[in-house]
Each structure stands twice: as C-alpha cells, then as structure tokens.
Amino acid sequence: MSARKPAHRQLAAVNFPGPSSARNTEMGCSSSIPRLLFLLLSLTLSPAYLVDVYAGSEDIVGGGSTHLYGEILKDEAVARLRELGEVSDANGYLERTFMSPASVRAANLIRQWMEDAGLTTWIDAMGNVHGRVDGSIRGAEALLIGSHLDTVIDAGIFDGSLGIISAISALKVLKETARLEKLKRPVEIIAFSDEEGVRFQSTFLGSAALAGVLPASALNTTDKSGATLQDALKKNRFAITEESLRQLKYDPQSVWGYVEVHIEQGPVLEWVGFPLGVVEGIAGQTRLKITVSGSQGHAGTVPMSMRQDPMAAAAELILRMETICKNPKQFLSYDSQCNDATVESLSNSLVCTVGEISTWPSASNVIPGQVTFTVDLRAMDDMGREAILYELSNQIYQICDTRSVSCNIDRKHDANAVLCDSELSSQLKIAANAAIQRLTGEIQDEVPVLMSGAGHDAMAMAHLTKVGMLFVRCRGGVSHSPAEHVLDDDVWAAGLAMLAFLETHM
C-alpha cells in the first residue's frame with residue numbers, strides 16, 4: 001500500500017489516481033492466479049477491448065453521457081439511499097432491526113423498487129426480500145446478488161442498503177435499455193432481513209437460512225424482551241416452523257454464485273484514491289457473552305477487602321483481553337498448529353472489542369451482583385483465532401478465581417474466515433476497471449485487492465456457493481455511525497461496475 005496521505009482532490013467527485021500512483025495497493029496474500037490472469041489480459045488485450053467485453057463499444061466513454069445512465073445509477077440510487085435511510089424505528093437516528101416495524105416498511109419499499117426494475121418479487125418466511133428475472137437459457141444456474149436491509153443502532157444509510165440499491169439500479173438500466181431478457185442465466189437480488197444481529201445477538205439470520213446453516217434451535221433464541229425469533233416472525237405473519245426453515249435452503253446445484261457490493265467500512269480505498277476495490281477474503285469472527293457473578297451488597301457498608309465485586313472483575317477481564325489482543329505473540333505457545341505464519345497473521349489482523357456491558361441491579365449505591373459484557377473477536381486465521389479464544393478463556397477463569405467471583409462464557413456466534421472465489425474476483429476487478437474508465441475516460445491502474453475485517457452475508461452464502469465482493473470507499477473509513485458517507489459519484493461507480501458485471505452474463 002502506498003505510504004502517502006490522500007490529497008484533498010481524491011475526495012472530490014470522480015478524481016482517481018493516474019496509472020503510476022497505486023501499484024502496490026493490494027492487501028493480504030491473494031492468489032497469484034487472478035493477478036496473473038489480469039496481467040496477461042492487460043498485456044495481450046487493449047484496455048478498450050477489456051471494456052468492450054463488458055459494455056460493447058457504444059457504451060465506452062466518448063459515446064455520450066447517456067451511456068453512463070446517471071439518472072438511474074447515480075441520481076435515483078442516491079435518492080433511494082436517502083429515502084431508505086429515513087425508514088427508522090427511532091426518532092432522530094437510524095435504527096432498523098430484525099422484524100421491527102421499520103424493517104417491514106423497508107422490505108416493502110425495496111420490493112417496490114425491485115418490481116420497478118422488472119423483477120418478480122416475494123418475501124420468504126425469514127423476511128428476506130427477493131427479486132428475480134429468469135435467464136434465456138433454460139435450467140441455467142442463478143446468479144445471486146445481495147446485501148442486508150437491517151442496521152445497527154444509530155446507523156449510517158449506506159451499510160447494506162448500498163449493495164441492494166446498486167444491484168436494483170443496474171438491473172433497471174437493463175430493463176430500460178430492453179436488455180433484461182438478454183441475460184443468459186437467472187439473476188436474483190436478495191435483501192437479507194438480518195445481518196447485523198442486533199436484536200437476537202446472532203448474525204446472518206437471513207442469509208444463513210438460505211444457505212442452510214441456520215440451526216432450528218435459532219428459532220428459540222430470545223431478544224431482550226424475552227420474545228423468541230419465532231415469535232417475532234409470527235407477529236409479522238410469517239408462520240415459520242423447523243420444517244419451513246429447512247425448506248428455505250437453496251439447492252446448491254441451482255446457484256452459480258453470489259456477489260455482494262458493500263461499503264469498505266475502512267480507510268484503505270480512500271487512502272489509495274480508488275472508489276472501488278475487490279475483496280480477497282473475510283476475517284473469521286467469534287462473539288462471546290461473558291457473565292460475571294459476585295456478591296451484591298451495600299456500597300457503604302461492605303469493606304473493600306471483603307468484596308466479591310463482579311464490576312471490578314469485569315474491568316480487569318476487559319483490560320486483560322485488550323492486552324492479549326494487542327500482543328498475541330506474548331501469550332501463544334508455538335506448536336504444530338500455531339506456527340510463525342499464524343502468529344504473524346494474528347499480529348496483523350486480530351481485533352477484539354467489548355461493545356456492550358450491563359449490570360444488575362445497576363444502582364449507584366449498590367455493589368453489583370452481576371455484570372454481563374460482550375466480546376467480538378476477529379482474525380484472518382481461524383486456527384489463530386481459536387488459540388486466542390483458548391488463552392482468553394483460561395485468563396478469564398484465572399482472574400475470576402482470584403477475585404472469588406464466578407464466570408460463565410457463552411459462545412454466541414462463530415464464523416470461519418472466507419476466501420472469495422478467484423474467478424468471480426477477476427470478473428469483478430475487470431468490471432470495476434471498466435466502470436472507472438467509463439466515468440473518467442482514462443485507463444486506470446489495477447483495482448486494489450483488500451481483505452475484510454467486517455463480516456458480511458457472503459460469509460454465510462459461502463456455505464452454499466462461490467462468493468465475490470466489491471468494496472466501495474467511504475469517507476474516513478467510518479461506518480456504523482451517522483457520519484458514514486459515500487460520494488454520489490462512488491455510488492455511481494458501484495452501479496456501473498454491477499452493470500458491467502451483469503453484461504458479461506448476456
């Protein structure tokens with residue numbers, strides 16, 4: 001990655017680096033095959049031909065602004081992002097969790113936009129919204145494109161929504177230009193009902209159901225009010241059962257692949273000055289719920305030396321976790337499973353977060369009787385992640401024993417790291433290059449390749465089919481915040497890239 005800071009011009013509309021400015025932007029250890037393929041194509045085919053493969057010569061920059069479809073891919077897409085951002089369960093900030101009233105309204109709005117693009121629509125028993133167009137080749141495997149419609153609390157308007165709207169907009173362009181029926185294979189857009197896991201503390205509910213990896217026991221998971229997942233669905237007229245949950249699983253033989261467009265949620269693309277990047281892989285993650293129980297008492301009458309205070313214990317546990325995650329080399333022993341490569345990967349990718357903490361009875365003059373907090377742990381190396389979890393668990397129990405409190409570790413969620421398919425990644429890379437050339441009229445350097453520290457629905461869909469992802473830069477790398485922002489022209493670039501990608505299936 002280049003060591004320079006991004007110039008102000010790179011934040012302006014459609015300002016991309018020249019051919020020599022981003023040679024070393026690739027992150028991680030990507031497969032050499034797609035890079036070699038791209039290099040060979042670049043050496044043997046002219047850049048104009050590479051764009052022709054996607055759009056036809058009449059659509060290359062120079063054929064007129066009408067071929068950039070700005071009214072649909074930019075103006076309408078941005079307007080829809082803002083409109084969807086107003087669909088919230090809260091006043092003054094964006095909150096849209098699984099099966100909430102706002103989530104149901106958002107699903108119906110997205111369904112209308114899918115129908116506007118010429119798609120046949122339905123909502124399944126898990127609340128996922130589907131829009132599909134059949135291909136001209138009978139029995140061809142379907143291309144799935146998706147992202148999520150739910151949000152975190154106090155969210156930005158682009159996380160999840162950008163991927164859904166970019167795909168809808170690209171298909172609408174094909175409809176408006178009478179090319180929708182020319183698609184060879186079926187194309188299906190899916191707006192997943194839950195990815196964030198805010199309400200039930202279990203991520204990927206929507207995509208995991210379609211991939212066939214959501215256990216039936218998930219239906220009995222409860223939210224903070226005590227309502228089960230099954231209750232939440234029934235309240236919205238989705239009478240789901242264990243059998244109907246199993247029936248949601250897609251037949252792997254009917255699916256060609258899955259593609260997802262998503263904001264980067266990090267600063268790399270902005271740093272190197274590119275609007276788009278191809279994802280090489282997604283970090284594995286584990287979520288823990290840790291409960292520390294002690295002796296509840298009066299804040300003024302129990303001597304410090306006699307206390308069994310779960311709050312003080314939780315504070316020490318959180319600081320110990322931070323120390324382990326900042327310096328994994330100091331806590332791991334080397335063996336056949338934990339080698340130099342694993343430890344090096346952890347040093348570069350391991351992140352640990354305590355995002356939620358609660359006490360009981362939560363009164364200023366009472367020593368708490370119980371403290372509960374969450375841990376979100378992510379790493380690119382699955383074996384290394386397990387090693388850290390093992391060490392962290394040992395440290396937690398040791399500290400709790402020393403402080404004479406009890407600890408319970410509940411493993412709420414696990415997802416292994418996912419490598420994106422090299423074929424899909426190569427196609428997305430060339431599509432992204434074609435999109436940028438359409439907008440700028442200039443040949444650009446190779447699109448950056450990134451690893452994702454954030455989890456995405458592609459992680460669940462990887463259990464069903466090959467996956468590919470395209471990242472879109474966001475200002476400052478900020479996400480899960482109302483400050484989350486994507487340039488209008490970067491929304492446009494994402495839509496053009498999806499259009500270019502879809503044109504290869506015609």
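The values are calculated or read from the model by the stated rules, or taken from the named source; none is laboratory data. Keep in mind that this is a model prediction, so the values were computed, not measured. Neighbour counts are summed over all protein chains in view; Cβ atoms, including those assigned to glycine, are modelled from backbone coordinates with ideal geometry. Remember, those area values only see protein heavy atoms, side chains included, never the ligands or the DNA or RNA. Shrake-Rupley method; radii C 1.70, N 1.55, O 1.52, S 1.80 Å.
Of everything in region 369-379 that's touching a helix residue (DSSP H, G or I) at 6+ places or on another chain (Cβ under 9 Å) and under 17 Å from Ile324 (Cβ atoms), which residue is most open to solvent (accessible area, probe 1.4 Å)?
Going through the qualifying residues, I end up with Arg378.
Could you list all residues from region 270-313 that are open to solvent by less than 10 Å² (accessible area, probe 1.4 Å) and more than 23 Å from Ser202 (Cα to Cα)?
Val272, Gly273, Phe274, Pro275, Leu276, Gly277, Val278, Val279, Pro310, Ala313
Tell me, which helices (runs of 4 or more DSSP H) wholly within region 156-263 include 2 or more residues that are within 26 Å of Ala142 (Cα to Cα) and not aliphatic (A, V, I, L, M)?
Result: 161-176, 205-211, 242-247.
Do we have Leu346 as closer than 19 Å to Ala283 by Cβ and crowded, with 20+ Cβ neighbours inside 10 Å here?
Yes: the conditions hold for Leu346.
So which residues in region 128-154 are more than 11 Å from Ile164 (Cα to Cα) and either of a type in the set (A, V, I, L, M) or not assigned by TED's automatic domain parsing to the domain that holds Asp89 (or both)?
Val133, Ile137, Ala140, Ala142, Leu143, Leu144, Val152, Ile153
Ile290: more than 24 Å from the chain's Cα centre (by Cα) and of a type in the set (Val, Ile, Thr), yes or no?
In short, yes.
I'm checking my understanding of the structure. Among residues of region 214-269 that are small (Gly, Ala, Ser) and in contact (Cβ under 8 Å) with a residue 12 or more places away in the chain, which one is most open to solvent (accessible area, probe 1.4 Å)?
The extreme case among them is Ala239.
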